[in-house]
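Student: Sharing a structure, written as structure tokens. Questions coming.
Values quoted throughout were computed directly from the atomic coordinates according to the rules given, and no laboratory measurement underlies them. Bear in mind the structure is a predicted one, so any value in this text is a computation, not a measurement. Counting neighbours? That spans all protein chains shown, and the Cβs are built from the backbone with ideal geometry, glycine included.
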Amino acid sequence: MLYEKFKQLGKDSVIYTGGIIISKIIGLVLIPIYTRVFNVKDYGVLDIISISATMIVVITEMGLATALSIFYFKAENKTERKTFIFSNFIFSFLATTLLCGLVVIFSQSIVLALFKNAGYAKYLIIATLTIPFSIIVNFGCTLLRLSFKPIKYSYIILGNSLIGVFLSIYFVVIKGMGLMGALYGLLIANIIFSIIALYINRNSFNWRFSLAKLKIMLKVGLPLAPLGLLSWAIDSSGRYFLAHFRTMSDIGLFSIGFKFASVIVFITAAFRLAIAPFQLSVADKPQAKIIYAKTLTYYLSITFLIAAGLCVFGKEIVSFFTTPEYTNSYKVIPPLIFGFIMNGLYQIVGIGLLITKKTQYLTYAMAVGAGMSILFNFLLVPRWNILGVAIANLLAYGLGLMLIYIWNQKFYHINFERKKIVKIFLATITIIIIGLLTNCQSLILTLFIKSCLIIILSLIIYANLEPREKEKLRFIFRNIIYKTRNKFRFN
């Protein structure tokens, strides 16, 4: 039974991961284009406008996505479930649209206050108009995830990314519209796929709004409402310190490093998307705590291996995809990656806080992390520039994770496999340090040595598995090879 649960989680994670990775790879196609079309300053402007618009989404989320995840499974019948869904959707959409309208009206005042440049208002307006449509797309994807339909979920994610990139390239490269072209491409893509998302999920609504059910969801969700904003503060507040203490060019440089470090988010986000319904669905099972403990070990084994690869090959990756003026952005990749991994751990380590309905402690932990992020940025950015932002991010997420772990163990103790985790962590850090110090005159030799280091780490992680886990892993690989061979023979 335990294996079957993880097998289902694995299948869903692979599909979610595949969809997210491909969509992000599609998005990464823009990096070599934008870094050759836009200078570092323009890239910085595009980045800070985008994260400013994202804050609107975060503010209006109000923890309702998590609340819907809970009541989706607690609903007594399909009719009640549909009422929960529609009540959640209509409130989220109207609240977002109202706030977006206010931002558009006061856009010039906002950009003057934040960036001291009224010319950025037109960019903020287009980015803000995109948000209501992206809310619909995201809500539709949430429903597909909760109903265990990862294939359709991937269609929406991939389609939106592909069309968005295609239109952005068309407007920026062919039409020569600059930053406005990049933003128009995203706007049109989200309009198209908001319609598609609504159509695919049309049977999930009963078009009945219930204030009582909305209040129930808000009661659970509101304690989590600040989480998104606090997480945004940890990830994004550093840009505003760069804008104040440094320049837009520094923001552009940090943004490139942030995007390459975000490759790890392909895995953490996909894992979290798959694990949310999975964790809640097994909460009443006798083996729930064993499953949760194994989940943490598997998550760290996978993410540490990928993190090591990104850190070790960071400079080569950035140099390959961008121009020389962006090369130094590789320095922020290691601390950012481990910050992202810690962020992904919140839901895994803090599952007991959700089960025992102690969600306010998640908010407390994030509040401490966000507060310390602002303090760390204030202290570190003037001295260490973009590296200071990355370190502030790492320290903030680390502090929040520590608090979540302590509180989770207090209310819902789980025997996590700490010895295994420490071994993997120490091996990963050692490999990364050696890789960063490796710098031969021959690029081929450098790449060979670094590749050997990643292979060594893979073997260490494999050796850390239990005999039964090794057997299952070998079975999975043999099955993949067998199916691949048969496919080629058939073709």
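Student: State, as an integer percentage, the relative contact order of the range 325-472 based on alpha-carbon contacts under 8 Å between residues 6 or more apart.
Tutor: 25
Student: Now for a different question. Which order do peptides 150-158, 212-220 fall in by mean Cβ count within 10 Å, highest first?
Tutor: So the peptides 150-158, 212-220, ranked by packing, come out 150-158, 212-220.
Student: Continuing with the same structure: Quick check: the distance between the Cα centres of the range 301-380 and the range 58-99, to the nearest angstrom?
Tutor: With the range 301-380 and the range 58-99 each reduced to a Cα centre, they are spaced 28 Å.
Student: Can you spot the lysines whose alpha carbon is less than 21 Å from residue 259's alpha carbon? Ignore those fewer than 8 places along the same chain.
Tutor: 24, 41, 315, 331
Student: Could you name the aspartates and glutamates whose alpha carbon sits less than 17 Å from that of residue 470, not counting residues in the same chain fewer than 8 places away?
Tutor: 4, 417
Student: Moving on. Going highest first, how would you order 351-364, 182-195 by mean Cβ packing within 10 Å?
Tutor: 182-195, 351-364
Student: What number, in percent, do you get for the relative contact order of the chain if the mean sequence gap of Cα pairs under 8 Å and at least 6 apart is divided by its residue count?
Tutor: 20
Student: Here's another thing I want to ask about it. Which aspartates and glutamates have a Cα less than 17 Å from the Cα of residue 149, not counting those fewer than 8 places away in the same chain?
Tutor: Answer for residue 149, where 17 Å is the Cα cut-off: 12, listed by chain and number.
Student: Please work out the FRET efficiency for the pair residue 409 and residue 475, using the Cβ-Cβ distance as r and a Förster radius of 41 Å; give the result to the nearest 0.05.
Tutor: Computed FRET efficiency for residue 409 and residue 475 comes out at 0.75.
Student: Based on alpha-carbon centroids, what's the gap between the range 213-232 and the range 392-427 in Å, whole number please?
Tutor: Using only Cα atoms to place each centre, the spacing works out to 24 Å.
Student: Follow-up question, since we're still on this one. For Cα extents along the principal axes in Å, pick the label among (1) 67, 62, 55; (2) 73, 51, 38; (3) 66, 57, 46 that corresponds to the value derived from the coordinates.
Tutor: Correct label, based on the coordinates given: (1).
Student: Enumerate the helices in the chain for which the Kyte-Doolittle hydropathy averages 0.5 or more and the C-alpha atoms extend at least 24 Å along the helix's axis, using complete DSSP H runs.
Tutor: In the chain, the long hydrophobic H runs are 40-61, 78-105, 121-146, 150-169, 179-200, 225-245, 263-281, 288-312, 360-411, 418-437, 443-463.
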